[in-house]
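What follows is a short report on a single structure.
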Amino acid sequence: MDKRIIWLAVGSFTMSTVGFVFSSLLPSIAADTHTTIPHSGHLITLFSLSYAIGAPLLSALAGAADRRRLLVTAMLVFVVGNCIAAMSVSFTTLLLAQIVMGMASGLFAATAQAAAVSLAGPEHRALAISIVVGGTTFAVALGAPLGALIAAFWGWRGTFGAVALLGLTCAAVLWLRLPRGLSGTKLTMSERFGAIGRPGVASSLMVTFLYLTGGFMIISYLAPLAIDGAGLSQLALPGLLLAFGVGAVIGNLSSGYLADRLGATRVVTASLISALAVSLMIAFGLHFLTRDLAGLLLIGIMVPWGIVGWAFPPAQASRIVGFAPEVAHLTLSLNASAIYLGIATGTAIGGRVLENTAAADLGFFAALFPVASLAVLYAGLRSHRRRLATAAAE
């Protein structure tokens, strides 16, 4: 395996850290910008929405451009976005910075996966993509808690500054290490989205979207959930994120093994049921336990929550690839867009819930989405079985 792929994973780590560290930054950003935490949640929504749109749109516009130049340009634009955020004097400027960072991140992610496959060769396609996507997992495990820790000492502006420095370093290494002439494949938007029409793909993307929507209704507002709902201090946030990240790594690494042994659909189903259970445990715990016990519950649930939450993405990706292996690069890109659309939607809905009810109620509303995911998954499986039966009969 070409070792240069590791730097593509570092780039994914850098960009994904911004998306996952926000859950701990929202209270301090809200205080400094004289707004509310739910309103500050628009920062996550805009970043995620820009990512989801930027990945297919900018990739199509870039066409067959040299991937080395494209990756470095995307990373430098991302660095500029972080610098703007760190020096912003208004909430509007901060919102604009999230759009810049989100679009750059979407373009980088789509281009990095394609570049990894080119460097590794078709026979190592799955491994190359998993290494790049692994950068996102480590952003949850390491980037988010480190970002929260930096914010605890140097403020939220310090977190954006640190990410900008890492991004600048990554851009320099990519420019020096990646080969010249690594050209892309020009695909139109219709070609990119045409994969949705393949049997099983559309329903699977909807499952991804609904699952992430429910999860990020809670994750995006972990700070008010922990502080206002469970009575923990803001200094506990880096530890909570670290515990969740440790669980995420365990879930991510074990998911592939379990999917091979038990089947990807069973792992996805177990993740959906577990997500429902976690949401209800958080909701009932914060409503009916004393604040001390509720705090202990939230601390104790972080590692298991991370495990079940991050067992889902690899198993779901395996399911989607299985429906149309020949266009895996397209369906995985669409799945990434579905993930970030879910994050954007979950954050937006969670913010409205937080504006009108208590933080403890987030779990009740979030629980609706794994139920909807299970319904869509079941309907998709029934439809797939009917197609197979019809094909066999013919």
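Note on region 58-71: residues that are surrounded by 18 or more Cβ atoms within 10 Å (Cβ to Cβ) and out of contact with any helix residue (DSSP H, G or I) (no Cβ under 6 Å at 6 or more places or on another chain) amount to 1. Per the conditions (1) closer than 30 Å to Leu272 by Cβ; (2) modelled with pLDDT of 90 or more, the sole criterion not satisfied by Ala171 is (1). When His42 is tested against (1) touching a Lys or Arg at 6+ places or on another chain (Cβ under 9 Å); (2) open to solvent by 30 Å² or more (accessible area, probe 1.4 Å); (3) not β-branched (Val, Ile, Thr), only condition (1) is not met. Would you point out the residue of region 1-38, among those that are without any contact (Cβ under 8 Å) to a residue 24 or more places away in the chain and assigned to a helix (DSSP H, G or I), that is least open to solvent (accessible area, probe 1.4 Å)? That would be Ala30.
What are the residues in region 343-360 that are more than 20 Å from Ala104 (Cβ to Cβ), within 13 Å of the chain's Cα centre (by Cα) and open to solvent by less than 10 Å² (accessible area, probe 1.4 Å), if any?
Of everything in region 343-360, just one residue is more than 20 Å from Ala104 (Cβ to Cβ), within 13 Å of the chain's Cα centre (by Cα) and open to solvent by less than 10 Å² (accessible area, probe 1.4 Å), namely Gly346.
Flag not set for Ile227, criterion: modelled with pLDDT of 85 or more and within 18 Å of the chain's Cα centre (by Cα).
So, Leu149, is that one aliphatic (A, V, I, L, M), surrounded by 24 or more Cβ atoms within 10 Å (Cβ to Cβ), assigned to a helix (DSSP H, G or I) and at negative phi or not? Criteria not met by Leu149.
The values are calculated or read from the model by the stated rules, or taken from the named source; none is laboratory data. Computed from a predicted structure; not experimentally measured. So basically every Cβ, Gly included, is an ideal-geometry build from the backbone, and we count neighbours across all protein chains shown. These area figures cover heavy atoms from the full protein model, side chains too; ligands, DNA and RNA do not enter into them. Shrake-Rupley method; radii C 1.70, N 1.55, O 1.52, S 1.80 Å.
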